[in-house]
Amino acid sequence: MGFTNSICWLILLIMIGFADNPALSDSSDIYLKDRHKMVDSQIIRRGVKDKHVLEAMKKVPRHKFVPANVTNYAYEDEPLPIGYGQTISQPYIVALMTELLELEQDSRVLEIGTGSGYQAAILAELVDSVCSIEIICELADRADSTLADLGYKVDVICGDGYRGWPEKAPFDAIIVTAAPDEIPQPLLDQLAEGGRLVIPVGTLRQELKLIRKENGKIKEMNVIPVRFVPMTGEIEK
Ligand code: SAH
């Protein structure tokens, strides 16, 4: 091996060493490997295919959306507590629901149940306009600042999502992350023609439903059984 060749090898080995060292490659994201593993083993393996959704799941720092005491579990295959008796959904469920929305860059999206803001961040990776409503104002405020700190532009308000957000309607996609026992009519009304609504419905037994509005008619499909926190507020009356 000539001298130049040896030098090239040496440089290459040093570069590999650097790339392997998380402290030197990206010190701010020590969870990058965990996140990629999460996407491969929990999400792709279960059949989510939309490459934009997979990219978003690989990119959004989920650990920044969970309370400090569970940061180390952020990439586990489970929902996690976020305070106020609420939870951030399991990563696979976030990915599946997002895929079902069939988003385009210019889709107008409404989320009911901001919670930690994680699902909203995934949506904001995929589309230009995301609105999100959270009934617990402390969670809405916290999610709003987490999202802003990370540079995501999401309109978060504190309120009851049962009535949707009429001033911003119609929406091409609506995602509900708390379970009502029946689909709120205002959300169906605020779906654009061709729009998709993804929503868990039920009390003890819940079913994730995909609803489409086609030629003004509502088409409903069951996707999988799920377990979400109950929708609160007006729906309970
Ligand atoms: N999408 C969230 C998961 C949140 S859990 C995330 O990525 O972290 C469901 C959330 O729905 C809870 O924060 C709960 O407070 C909220 N919620 C329940 N009923 C609601 C309602 N009627 N309107 C808006 N938010 C509601």
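The values are calculated or read from the model by the stated rules, or taken from the named source; none is laboratory data. All figures in this text were calculated on a predicted structure; none of them were measured in a lab. Here the Cβ is made from the backbone with ideal geometry for all residues, glycine too, and neighbour counts use every protein chain on show.
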Do we find that residue 120 is within 8 Å of the ligand (Cβ to nearest atom) and more than 12 Å from residue 178 (Cβ to Cβ) in this structure?
yes
Within segment 38-69, restricting attention to residues that are within 23 Å of residue 137 (Cα to Cα) and more than 14 Å from the chain's Cα centre (by Cα), which residue is surrounded by the most Cβ atoms within 10 Å (Cβ to Cβ)?
67
Count, please, the residues in segment 140-176 that happen to be part of a loop (DSSP other than H, G, I, E, B) and touching a strand residue (DSSP E or B) at 6+ places or on another chain (Cβ under 7 Å).
5
Out of (1) in contact with a helix residue (DSSP H, G or I) (Cβ under 6 Å, 6 or more places away or on another chain); (2) modelled with pLDDT under 60, the odd one out for residue 71 is which?
(2)
Would a scan of segment 205-221 turn up a residue that is in contact (Cβ under 8 Å) with a residue 40 or more places away in the chain, within 15 Å of the ligand (Cβ to nearest atom) and surrounded by 14 or more Cβ atoms within 10 Å (Cβ to Cβ)?
yes
Could you list, ordered by first residue, the pairs with Cβ atoms under 7 Å in which the first is in segment 80-92 and touching a residue at least 60 places away in the same chain (Cβ under 8 Å) and the second is small (Gly, Ala, Ser) and near the ligand (Cβ under 9 Å from one of its atoms), at least 6 apart or interchain?
86/115
Among the residues of segment 133-177, how many are of a type in the set (Ser, Thr, Tyr) and either in contact (Cβ under 8 Å) with a residue 40 or more places away in the chain or within 23 Å of residue 218 (Cβ to Cβ) (or both)?
3
I'd like to verify a number: residues in segment 72-86 that are within 12 Å of the ligand (Cβ to nearest atom) and either under 20 Å from residue 153 (Cα atoms) or among the polar types (S, T, N, Q) (or both), how many?
1
In the set 89, 107, which member is within 9 Å of the ligand (Cβ to nearest atom), under 18 Å from residue 124 (Cα atoms) and crowded, with 17+ Cβ neighbours inside 10 Å?
89
Could you tell me whether residue 43 is of a type in the set (Val, Ile, Thr), at pLDDT below 60 and either at positive phi or in a helix (DSSP H, G or I) (or both)?
no
Could you list all residues from segment 70-95 that are outside any loop (DSSP other than H, G, I, E, B) and either among the aliphatic types (A, V, I, L, M) or within 13 Å of the chain's Cα centre (by Cα) (or both)?
70, 80, 82, 87, 88, 91, 92, 93, 94, 95
